Amino acid sequence: MTRHLLLGDIALQYPVRPTPDAGLLAVRLADEPGDAGRATEYLTPADTAPRGLHLLRPEPRTLPDPPAGSDAAAATWAGIALDDDFGAHLDEALPPGVRTDTLAPVLLLRTHRQAAQPFTEVLSCARLRKVGILLVRTARFPHEPDAPVADLVAMAERAREAASEYAVPLLSEGRGLTTFESGTEIEQKITLGPGASSWRLTKELWARADRGLLGDFIPEPGYELTRWHFEQHTYEVLEPAGERGYLAFLRGRDGRWNLKRKRFEREALRREETFQRGVAVTESTFEEFLSREYPELVVRRLPDFRRTRFDVNVESTRTGHAYGVEIDEVTVEGESGGDGPRVLRQLEIEYLHSRLHEGLDPASIDADIADLTGRVEDHLKANGTPGERTFYSKLAFLRECAGEAAGPQ
């Protein structure tokens with residue numbers, strides 16, 4: 001399967017004024033074994049090393065490759081500009097007057113010539129970061145087995161224009177994402193043994209993702225690792241039966257409070273979860289607020305806890321879905337003069353969002369979670385870290401801290 005990265009005037013992707021005499025380059029990248037499709041492709045600078053160069057516009061011609069072993073052969077694109085050494089090579093190789101100052105990664109063509117019906121996947125640039133380029137599939141089209149690169153590029157441009165429902169959202173950061181089952185948390189848990197180090201596990205799992213050792217799951221470019229710490233004040237909802245779960249207050253960034261609500265009768269992969277943000281209360285008026293806003297609910301306060309969480313954020317290049325591999329440490333302080341703090345350590349695999357792309361299928365979320373959970377469990381086993389797959393919740397933990405049974409799991 002052959003791949004060509006198109007570097008062209010930014011006006012080929014965005015509706016800005018075109019630059020006269022801007023070049024359009026097709027950079028052949030390293031071939032990829034197999035015939036698997038890609039919802040997304042992530043290219044580090046090293047992944048953009050040129051294996052062949054074609055100038056398609058304004059004057060079509062094959063350009064000389066950078067000398068083998070030279071710095072110019074190491075990368076085509078770095079950060080938000082042409083790699084310096086590759087740019088210097090282009091200055092010598094391009095005809096006079098061809099401009100490169102407005103070039104950007106526009107498309108990636110993944111051409112499957114060995115398929116029964118040869119076809120090309122068209123991936124549009126979705127995100128530029130210092131660490132690399134993220135591209136998302138916006139179209140695909142069939143063609144003749146021996147179609148030349150210039151013809152593939154022309155067909156790709158037409159296919160992308162016809163697929164504006166996928167290409168247009170990519171023009172704005174964040175708009176190229178969607179979330180399925182809004183208001184529902186989809187999450188598998190692994191309860192860890194007492195000797196587990198949350199930060200050590202975070203670094204190990206991030207390294208596995210970064211080195212391609214988690215299958216199709218790669219670090220989400222620009223959002224690879226996030227770290228959190230907060231306190232939670234929890235009220236269990238006892239009645240009525242259909243409303244059971246909990247309400248929890250968490251302090252927001254502006255000093256006001258966010259109210260998280262979870263409804264569930266039994267622990268499971270899916271649980272209803274909603275948020276009310278910017279609630280103007282104080283800790284001393286939590287009960288007053290709940291009785292006023294939720295007069296139909298019978299609630300009781302459970303022990304407060306503090307929570308530290310390190311998230312390795314990954315996405316599947318095969319399905320386009322993104323997940324948090326979240327390593328949690330929850331601490332409930334003991335009573336004065338009593339037992340020491342109670343600690344719960346868990347690893348959670350949670351669905352976050354999906355990239356809009358041609359072929360997007362929400363039915364693959366559950367299979368992704370099962371696959372990713374199995375790969376994480378393999379790592380835990382190999383490193384001697386005890387872990388049990390479960391749906392054991394913070395609510396069950398807090399009940400036990402209050403001296404009661406955890407309830408049905």
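The values are calculated or read from the model by the stated rules, or taken from the named source; none is laboratory data. Fair warning: this is a prediction, and the values are worked out from it, not measured in the lab. Here the Cβ positions follow ideal geometry from the backbone for every residue, glycine too, while neighbour counts run over all protein chains shown. In case anyone asks, the SASA skips ligands and DNA or RNA and just uses the protein heavy atoms, side chains included. Shrake-Rupley method; radii C 1.70, N 1.55, O 1.52, S 1.80 Å.
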Rg over Rh [alpha-carbon atoms, Kirkwood Rh] for the stretch 108-229 = 1.09
In this model, which of 189/260; 260/381; 262/381 are farther than 23 Å apart at the alpha-carbon?
-> 260/381; 262/381
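Quick check: with the 1.4 Å probe, what order do 62, 226, 285 take by accessible area, largest first?
On the way: 62 100, 226 20, 285 40 Å².
Heavy-atom accessible area, descending, gives 62, 285, 226.
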Extended-chain gain in nm, criterion 0.36 nm per residue less alpha-carbon gap, residue 93 and residue 287 | 62.6 nm
Net lengthening on full extension, residue 101/residue 254 (0.36 nm per residue, minus Cα-Cα) = 50.9 nm
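Which whole number of Å³ per residue matches the convex hull of the alpha-carbon atoms in the stretch 214-259? Mind dumping the intermediate values first?
Numbers: hull volume 7.2 nm³, N = 46.
Cα-based convex hull of the stretch 214-259, divided per residue, equals 157 Å³.
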Of every Cα-Cα pair in the chain, the percentage lying beyond 28 Å is 56
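Could you work out Rg/(2.2 N^0.38 Å) for the stretch 32-172, with Rg from alpha carbons only? The partial results should precede the final answer.
Values: Rg = 15.5 Å, N = 141, 2.2 N^0.38 = 14.4 Å.
Here the Cα radius of gyration is 1.07 times the empirical estimate.
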Residue-normalised 222 nm signal for the chain, counting each DSSP H run of n ≥ 4 as -39,500 (n - 2.57), nearest 500 deg cm²/dmol, is -5500 deg cm²/dmol
With springs only between Cα atoms under 10 Å apart, run a GNM on the chain and tell me which of 136, 312, 279 wobbles the most.
-> 279
Between residue 16 and residue 268, how many nm apart are label points set 7 Å from Cα along the C-beta direction?
-> 4.9
Farthest positive-ward along the chain dipole, Cα basis, beta-carbon charges - from 285, 14, 62 | 285
For residue 383 and residue 230, what does the FRET efficiency come to when R0 = 30 Å and r is the distance between their Cβ atoms, rounded to the nearest 0.05?
-> 0.60
With the chain treated as a Gaussian network of Cα nodes joined by springs under 10 Å, which of 210, 254, 101 yields the largest mean-square fluctuation?
-> 254
Taking Cα atoms, how many degrees apart are the long axis of helix 198-210 and the longest axis of the chain, rounded to 10 and kept between 0 and 90?
-> 20
Treating the Cα atoms of the stretch 58-124 as identical point scatterers in vacuum, please give the log10 of the normalised Debye intensity I(q)/I(0) at q = 0.25 Å⁻¹, two decimals.
-> -1.14
GNM flexibility winner over the chain from 236, 165, 288 (Cα, springs under 10 Å) | 288
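Using R₀ = 30 Å, calculate the FRET efficiency as 1/(1 + (r/R₀)^6) where r is the Cβ-Cβ separation of residue 70 and residue 366; round to 0.05. Kindly include the intermediate steps, with their values, before the conclusion.
Values: r = 48 Å, r/R0 = 1.60.
Once the sixth-power term is evaluated, E becomes 0.05.
Please work out the ratio of the alpha-carbon Rg of the stretch 236-356 to 2.2 N^0.38 Å and round it to two decimals.
Working: Rg = 17.0 Å, N = 121, 2.2 N^0.38 = 13.6 Å.
Normalised Rg, Cα atoms only: 1.25.
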Leaving ligands, DNA and RNA out of it, rank 354, 284, 172 by accessible area with a 1.4 Å probe, largest first.
-> 284, 172, 354
Rounded accessible area per residue of the chain, 1.4 Å, Å² = 46
Label point distance in nm, residue 144-residue 57, each placed 7 Å from Cα along Cα→Cβ = 2.3
Per-residue accessible area for residue 77 at 1.4 Å probe radius, Å² rounded to 10?
-> 10
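Starting from the coordinates of the alpha-carbon atoms of the stretch 1-93, obtain the Kirkwood hydrodynamic radius over all distinct pairs and give the value in Å to one decimal.
Roughly 14.2 Å, rounded to one decimal.
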Determine, from the Cβ-Cβ distance of residue 114 and residue 307 and an R0 of 60 Å, the FRET efficiency 1/(1 + (r/R0)^6), rounded to the nearest 0.05.
-> 0.75
Here D for the stretch 316-374, in µm²/s, from Stokes-Einstein with a Kirkwood Rh over Cα pairs at 4 °C and 1.567 mPa s, works out to 93
Assign unit charges at the C-beta atoms only (+1 for Lys and Arg, -1 for Asp and Glu), then state the dipole size of the chain relative to its Cα centre in Debye, rounded to the nearest 20.
-> 320
Mind pulling the angle between the C-alpha long axis of helix 365-382 and the longest principal axis of the chain? Nearest 10 degrees, somewhere in 0 to 90.
-> 80
Cα axis of helix 84-93 to longest principal axis of the chain: angle in degrees, 0 to 90, nearest 10?
-> 20
Probe 1.4 Å, all protein chains present, accessible-area order of 339, 328, 65, largest first | 339, 65, 328
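Taking the convex hull of the alpha carbon atoms in the stretch 171-324, what volume per residue do you get, in Å³? Walk me through the intermediate numbers first.
Numbers: hull volume 24.5 nm³, N = 154.
Hull volume normalised by residue count: 159 Å³.
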How compact and how long is the stretch 100-170, expressed as Rg and Dmax of its alpha-carbon atoms in Å?
-> 12.9, 40
